[in-house]
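Chemist: Before I ask anything, here is the structure I am working with.
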Amino acid sequence: GMGDNIYLGDRDGVRTPMQWSPDRNGGFSRSDPARLFLPTIQDAIYGFDAVNVESQSRSPASLYNWMRRLIAIRRATRAFGRGTLKFLYPANRKVLAYIREAGDERILCVVNVSRAPQAVELDLSEYNGMTPVEMTGGTAFPRVGELPYLLTLPAYGFYWFQLTMVDGQSDTRYGPAPQPELFTLVLTGGLASLLQGRERMAVERTIGPRMIAGQRWFAAKGRVIDRSEVIDFAVMRERSGREGFVLPRAAISLRGGERQEYFVPIAVDEAADEEALGPVAVARVRRGRNVGLAYGAGSSAEFALSVVDAMRFGETLETERGGQLRFSATRSMPDDLAFEPADVKRLSGEQSNTSIAIGDRVVLKLYRRLQPGIHPEVEVGRFLTEVAGYENTPATLGVAELVEPDGETTALMVLQRFVRNQGDAWRLTLDTLTRELDTLALAPLDEEHPLDEVFGPYLRYAEILGLRTGELHAALATPTEDPAFAAEALGPADVALAAADARDQAERAFAALGRTGGVGPEIEALRTRRDECLALIDALAASAPEGALKIRIHGDYHLGQILIVQDDVMIVDFEGEPARPADERRGKFSPLRDVAGMLRSFAYAADTAAREIGARLPEAAERVAALAAEWQALTEARYLEAYERAATSSRVWVRDEGTRRNLLRLSLLAKALYEVNYEANNRPDWIGTPVRGVLSILDAGRDGAGA
């Protein structure tokens, strides 16, 4: 990028001295400038003061580093050098598009050869269902569908896309997905008649299984539903007083005998537009000659507004089996809530629940998979809001609960204060890590890059997160007469129970390692250390815990549960691990269990970023992995230091260093072993991350080092 001297004769215009640095003669020669065979380029734009290797190597956006990145990507991909070449012929002739293929590799190249921005539609129907991943930054673009694929390119812009099949992709395509033929239910009276007699049989045998199996929140994807049944239901009125919603509690039986319960509220509109509601419709509803639709109430603005009003006014609905559906508000419920249907927006991205934002003030969460008993999130939310006064979690405003005739409760919905945020901490962490490690991967090896300076802005968030975690645990230890939240001494029996859980996780993890058949030095090393792992668990649980408390904790604490709110964080989702029973999720544990969960989340972030960059820049993979590990150690240290500052003056802080170290290491080991089993069963390619975690804990135990 140093330019030419067009005023020199012959081909000497491109033979000027190489511009290595801004020093004398561009660092090319130490001789007198007048003695050079050809003069250096000295103009303001391309001269050696402005353009040189030394300055460009320090700039991530320089032409020098841009070319290094392209070369590294090209070397890592066989299709560029050995692949077949197939041209596409878009209608916009200013855009060149072609595909290179070699084995399983498919690369789509799109180039705008004009000096003006261009839009182009490409026929990629042959690759329907694949996801284009931009190769220079690793960004996934929208999935290819049956319709022409639209791209826009800046002047002289280009894309290199790797066409891949992403695990877990759904079968939806661009445009409306084909909908199955809808069953017609006949209304012979009020909405309760939809779940009586013949209509109930149709719902249980035909409509229910098909509807539940196709939802994102269905917890048993890929498994066969043998049958479904409506356990109980209530009918709810709209704000106008008209019956508009059926609120069933449904149970499904899976092949193999497992039974699961779900909350599936249905909105009924007897004059609905089938075209508009088709994607969320579950059945047609006919009354006489009029035909309407029954559809998921999560897509009904009126449903959300009716629930908020029911909570505000403390309404109660009778259920078919003699129970009650009770709506209630906390003391934090605002008195001035007034919304219109246009204010209601269903939030995307939820998995196990459905969240609906109402204006910019509240969020209504529908719990989908139900577990009888007091719901941990509802209970903890009320305590933090009304008793502890903890401000770094969204305030709980209202609750809808099903109360059985015997008094047993099941939470169905919760209303929380809306928190405007910049996304979760997992995304912030991954974006920051990927951006900075990508820059460091191509930086000169002889230059120093102190990571505490490079990641300075992020480390500030790590400190804030540590402070808020410590403050959360102090809030959960607030003195109270409520036995569900009263802090208790952590005794030997509690440590023995934690150790038994860790041993159980170890047995599962080592059994999973035997099933995977995976090879590699780390996996082989862990396989040979089973006895050492079990012995370490026993050693960590051997001494009596001195001065430690057990309290209610978050229970599923990781970066994805943290929202970034300007220069602060908010902690959300106090449900605990969804796979565990509600009673177990309401248990009291050492708060260091939450700390261990966050430390393991940092490890996953480091590995995720290192893997992504290493795949694009294989030559720098080893260096990037080392830098990621250094970032992890630095981030963990900042987080733990901040946690100690916040917790040290409260009851939750374990003042005996040996007890504190053993409890944290035991929690870390149990968590990492759980992850080994999980990855072996779900993502074998990721098993290296928890395996390295277990090995590091074992090595620390062997050396007698702190956690």
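The values are calculated or read from the model by the stated rules, or taken from the named source; none is laboratory data. What you see is a predicted model, and the numbers here were worked out from it, not measured in a lab. A quick note on method: Cβ atoms are made from the backbone with ideal geometry, for glycine too, and the neighbour counts reach across all protein chains shown. Each accessible area value is taken on the protein alone, full model and side chains, heavy atoms only, with ligands, DNA and RNA left out. Shrake-Rupley method; radii C 1.70, N 1.55, O 1.52, S 1.80 Å.
Chemist: How much net charge surrounds Glu204 when only other residues with a Cβ under 9 Å from its Cβ are counted (Lys, Arg +1; Asp, Glu -1)?
Modeler: Details: positive: Arg200, Arg205, Arg227; negative: Glu229.
Summing Lys/Arg as +1 and Asp/Glu as -1 gives +2.
Chemist: For segment 381-499, what Kirkwood radius comes out of the mean inverse Cα-Cα distance, in Å? Kindly include the intermediate steps, with their values, before the conclusion.
Modeler: Values: mean 1/r = 0.0527 Å⁻¹.
When all Cα pairs of segment 381-499 are included, the Kirkwood radius is 19.0 Å.
Chemist: Rounded, prolate or oblate: which fits segment 545-596 when a ≥ b ≥ c are the square roots of the eigenvalues of the alpha-carbon gyration tensor, with rounded for a/c under 1.5 and prolate only if a/b beats b/c?
Modeler: Working: a/c = 2.82, a/b = 1.38, b/c = 2.05.
Cα axes put segment 545-596 in the oblate bin.
Chemist: Okay, moving on. Please work out the C-alpha center-to-center distance from segment 404-483 to segment 236-309 and express it in whole Å.
Modeler: 36
Chemist: Quick check on segment 273-380: take the gyration tensor over C-alpha atoms, sort the square-rooted eigenvalues as a ≥ b ≥ c, and tell me if it's rounded (a/c under 1.5), prolate or oblate.
Modeler: Working: a/c = 1.61, a/b = 1.37, b/c = 1.17.
Prolate, because a/c is 1.5 or more and a/b exceeds b/c.
Chemist: So, one more: Using label points projected 7 Å from each Cα along Cα→Cβ, tell me how many nm separate Val403 and Met201, to one decimal.
Modeler: 3.6
Chemist: Applying a 10 Å radius around every beta-carbon, put 188-199, 377-388 in order of their mean neighbour count, most first.
Modeler: Details: 188-199: 16.0, 377-388: 21.0.
The densest-packed peptide leads the list: 377-388, 188-199.
Chemist: May I pose another question? Just to confirm a number: summing +1 for Lys and Arg and -1 for Asp and Glu over residues other than Gly323 whose beta-carbon lies under 12 angstrom from that of Gly323, what do you get?
Modeler: Numbers: positive: Arg249, Arg321, Arg326; negative: Asp232, Glu318, Glu320, Glu401, Glu404, Asp406, Glu408.
Charge balance in the 12 Å sphere: -4.
Chemist: Let me spell out the model: positive unit charges on the Cβ of Lys and Arg, negative unit charges on the Cβ of Asp and Glu, origin at the Cα centre of segment 427-563. What dipole size does that give, in debye rounded to 20?
Modeler: Numbers: 12 positive and 24 negative charges, 111 e Å.
Taking the Cα centre of segment 427-563 as origin, the dipole is about 540 debye.
Chemist: Using a 1.4 angstrom probe on the protein heavy atoms only, line up Ser240, Ser590 by accessible area, largest first.
Modeler: On the way: Ser240 95, Ser590 15 Å².
These residues rank, largest area first, as Ser240, Ser590.
Chemist: Eigenvalues of the Cα gyration tensor times 5, then square-rooted: what semi-axes does that give for segment 26-85, in whole angstrom, largest first?
Modeler: Values: eigenvalues 238, 39, 20 Å².
Values for segment 26-85, descending: 34, 14, 10 Å.
Chemist: With the other protein chains left in place, how much accessible area per residue, in square angstrom, belongs to the chain at a 1.4 angstrom probe?
Modeler: On the way: 33970 Å² over 707 residues.
That works out to 48 Å² for each residue.
Chemist: Place the peptides 227-236, 554-563 in order of packing, highest mean first, counting for every residue the other Cβ atoms within 10 Å and averaging per peptide. Display every interim value, and only then the final one.
Modeler: Numbers: 227-236: 19.8, 554-563: 22.0.
Highest mean packing first, the order is 554-563, 227-236.
Chemist: If each residue of separation counts as 0.36 nm, what is the full-extension length gain between Ala342 and Arg223 once their alpha-carbon separation is subtracted? Write down the numbers at each step before the final one.
Modeler: Working: separation 119, 0.36 × 119 = 42.84 nm, distance 3.78 nm.
Here the segment from Ala342 to Arg223 would lengthen by 39.1 nm.
Chemist: Determine the sum of side-chain charges near Ala116: Lys and Arg each +1, Asp and Glu each -1, restricted to other residues whose C-beta is under 14 angstrom from that of Ala116. Intermediate values should be presented prior to the final figure.
Modeler: Working: positive: Arg93, Lys94, Arg115; negative: none.
Every neighbour counted, the sum reads +3.
Chemist: By the gyration tensor of its Cα atoms, with a ≥ b ≥ c the square roots of the eigenvalues, what is the shape of the chain: rounded for a/c under 1.5, prolate for a/b over b/c, or oblate?
Modeler: Numbers: a/c = 2.09, a/b = 1.37, b/c = 1.52.
Because a/c hits 1.5 or more and a/b fails to exceed b/c, the chain counts as oblate.
Chemist: Turning to a different aspect of this structure: What is the count of Lys pairs in the chain whose alpha carbons sit under 21 Å apart, if the two are 8 or more places apart or on different chains?
Modeler: On the way: Lys86/Lys94; Lys345/Lys365; Lys550/Lys588; Lys550/Lys671; Lys588/Lys671.
For the chain, qualifying lysine pairs total 5.
Chemist: Where the only charges are on Cβ atoms (+1 Lys, Arg; -1 Asp, Glu), what is the dipole of segment 65-220 about its Cα centre, to the nearest 20 debye?
Modeler: On the way: 19 positive and 13 negative charges, 137 e Å.
The dipole of segment 65-220 has a size of about 660 debye.
Chemist: Note down the magnitude of the dipole of the chain about its Cα centre, charges +1 on Lys and Arg C-beta and -1 on Asp and Glu C-beta and zero elsewhere, to the nearest 20 debye.
Modeler: Details: 83 positive and 100 negative charges, 334 e Å.
Dipole of the chain, to the nearest 20 debye: 1600 debye.
Chemist: Would you work out what percent of the accessible area of the chain, with all protein chains in place, is carbon or sulfur (probe 1.4 Å)? Let's see the in-between values first.
Modeler: Values: 17170 of 33970 Å².
About 51 percent, which is the carbon plus sulfur part of the accessible surface.
Chemist: Order 48-58, 77-87 from most to least packed using the mean count of other Cβ atoms within 10 Å. If you can, show how the numbers build up before the last one.
Modeler: On the way: 48-58: 18.4, 77-87: 13.5.
Peptide ranking by packing, descending: 48-58, 77-87.
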